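Inspection log for the structure reproduced underneath, given as C-alpha cells.
The values are calculated or read from the model by the stated rules, or taken from the named source; none is laboratory data. These figures come from a predicted structure and were not determined experimentally. Positions of Cβ are backbone-derived with ideal geometry, glycine not excepted, and every protein chain shown enters the neighbour counts.
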Amino acid sequence: MGETALIVGAGSGLSASFARRLAKENIRVALASRDTGKLAGLAADIDARCFACNCSDPEEVDGLYEWFDREFGVPTVALFNASGRVRGPVEGLDPIAVREAIMTACYGGFLVAQGAARRMLDAGEGTILLTGASASVKGYPQSSAFAMGKFGLRGLAQSMARELAPKNIHVAHFVIDGGISNGPDDPRAAGKADDGLLDPDAIAESYYQVFRQHRSAWSWEMALRPWVEKF
C-alpha cells in the first residue's frame, strides 16, 4: 500500500505544511481533528482523507485507528499536533478547563502514540513525532496549564524513545520555541526582524528530515526557533 501518515490535531498551520511535504513524496495522508470541516481545502489539495476525533477520548481514538487500519494499513509516520491552552493567574484558573487542556495536550498524546506504537511494533518499524513548545522545558507565568500538558508530553516522548528505539521505532519530540507565522499579514510580525516568526514550511521540512533519519543517527528531540529568539 506504500507509505502512510496519520496527523492528529490537524489544522491550517504546521500540520498542513507537514501534510503537504509528505504528499510531495507520494505518502498517503490521513488528517484527524475535532472539526474536520476546516480541513476540506487541504484534503482536496493533497488528496487526503479526514476523520473527526477527540484525541482525549479513548473510544474515539480507537475508532480513528480502526478506520485507519481499514483505509490505510499501518502508519509509516504518526504526528501528534494537538494542544490545549488555558491562560491566566493560577489562583483564578477554571479547574475543569485546566483538566481539559491537559487531557488534550498530554493524555491525547499518549492515546495517539500508544495506538501508533501497537501497530508499528507489529510491523517492526515506524516513526512517531510529537509537537512540543517552549513550555515543554520552561514554565511561563500565567501558563501553568499549558506547561503541565507540554512537560507531560515531553516526558512521554522521552520515555517512549528509550523504550521503542531498540525495537526499530523512532520517537521524536520537537520544541517549537517561538511563534509560528500565519502568513505575510500576521500582525505579530510587526516590529520583528525578517524571519522573526517560525515559517511553518521550514518547520515541516525539519520534521520530514527527522522522519527520514537513518537509524544509526536518530535524534529523540529537536528544538526549533527563529534566529532572533532568545533562549
Only residues that are part of a helix (DSSP H, G or I) and either within 14 Å of the chain's Cα centre (by Cα) or of a type in the set (A, V, I, L, M, F, W, C) (or both): list them for region 153-171, please. Leu153, Arg154, Leu156, Ala157, Met160, Ala161, Leu164, Ala165
If you take just the strands (runs of 3 or more DSSP E) that sit entirely in region 1-55, which of them hold at least 3 residues that are aliphatic (A, V, I, L, M) and out of contact with any Gly (no Cβ under 6 Å at 6 or more places or on another chain)? 4-8, 28-33
Could you tell me which residue of region 194-216 is surrounded by the fewest Cβ atoms within 10 Å (Cβ to Cβ), considering only residues that are more than 22 Å from Ile27 (Cβ to Cβ) and over 18 Å from the mean Cα position of the chain (by Cα)? Ser216
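Any idea which residue in region 87-129 is surrounded by the most Cβ atoms within 10 Å (Cβ to Cβ), counting only those that are under 30 Å from Val74 (Cβ atoms) and among the basic types (Lys, Arg)?
Our first condition is that a residue be under 30 Å from Val74 (Cβ atoms); within region 87-129, this holds for 102-129.
The next check asks that each one be among the basic types (Lys, Arg); those that pass are 118-119.
On the way: Arg118: 11, Arg119: 17.
Ranking the candidates gives Arg119 first.
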When both residues are 6+ apart or on different chains and their Cβ atoms are under 6 Å apart, which pairs have a first residue that lies in region 29-40 and is touching a residue at least 40 places away in the same chain (Cβ under 8 Å), and a second that is assigned to a strand (DSSP E or B) and of a type in the set (Lys, Arg)? Ala30/Arg49
Say whether the condition of being modelled with pLDDT of 95 or more, among the hydroxyl-bearing types (Ser, Thr, Tyr) and surrounded by 14 or more Cβ atoms within 10 Å (Cβ to Cβ) is met by at least one residue in region 144-151. yes
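Here are some residues: Arg70, Arg118, Arg99, Arg87. Which one is outside any helix (DSSP H, G or I) and not polar (S, T, N, Q)? It would help to see each step written out before you state the result.
Numbers: Arg70 fails: outside any helix (DSSP H, G or I); Arg118 fails: outside any helix (DSSP H, G or I); Arg99 fails: outside any helix (DSSP H, G or I).
Result: Arg87 is the single residue among Arg70, Arg118, Arg99, Arg87 that is outside any helix (DSSP H, G or I) and not polar (S, T, N, Q).
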Just a yes or no: is a residue in region 95-111 touching a strand residue (DSSP E or B) at 6+ places or on another chain (Cβ under 9 Å) and among the acidic types (Asp, Glu)? no
Positions within region 172-231 being under 27 Å from Phe110 (Cα atoms), assigned to a loop (DSSP other than H, G, I, E, B) and in contact with a helix residue (DSSP H, G or I) (Cβ under 6 Å, 6 or more places away or on another chain), in sequence order: Asp177, Gly179, Trp220
The lone condition Asn168 fails out of (1) in contact with a Lys or Arg (Cβ under 8 Å, 6 or more places away or on another chain); (2) under 19 Å from Leu14 (Cβ atoms) is (2)
